[in-house]
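Okay, structure first, notes after.
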């Protein structure tokens, strides 16, 4: 159980670091951890790309953080539903 928790925290830290590197909110993406969150982050464009204008960077960051927020929301709802089901 402790190894699983450490693995989850390690993937969360990796996801948060990579989100920060790409110009997204690292705290939000930490909670979007797991395989789906990491794959989604890998597929998102780099919002820090110097070829983008500042307004494009802001739009990309906003869209990417929305994706992360949706993943967090879905994970939270599944957690609540699982907790209410008694399993």
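We did not get these values from a lab; they are worked out from the coordinates using the rules stated. Note that the structure is predicted; figures quoted are calculated from it, not measured. A quick note on method: Cβ atoms are made from the backbone with ideal geometry, for glycine too, and the neighbour counts reach across all protein chains shown.
Averaging the sequence gap over all C-alpha pairs within less than 8 Å and six or more residues apart, then dividing by the number of residues, gives the chain a relative contact order of 26 percent. Label sites at residue 3 and residue 43, each approximated as a point 7 angstrom past Cα along Cα to Cβ, lie 3.1 nm apart.
For region 2-85, a/c is not less than 1.5, where a ≥ b ≥ c are the root eigenvalues of the C-alpha gyration tensor, and a/b does not top b/c. That puts it in the oblate class.
Calculated FRET efficiency, residue 74 to residue 53, Cβ-Cβ distance, R0 = 30 Å: about 0.40 to the nearest 0.05. Between the helical axis of 2-22 and the longest alpha-carbon principal axis of the chain there is an angle of about 10 degrees. Rounded to the nearest 500, the 222 nm mean residue ellipticity of the chain from helices alone is -26000 deg cm²/dmol, with -39,500 (n - 2.57) taken per DSSP H run of at least 4 residues. Placing a pseudo-label 7 Å from each Cα along the Cα-to-Cβ vector at residue 27 and residue 66 gives an inter-label distance of 2.2 nm. Using the average count of surrounding beta-carbon atoms within 10 Å as a protection proxy, the listed peptides 17-29, 66-78, 48-60 rank, highest first, as 17-29, 66-78, 48-60.
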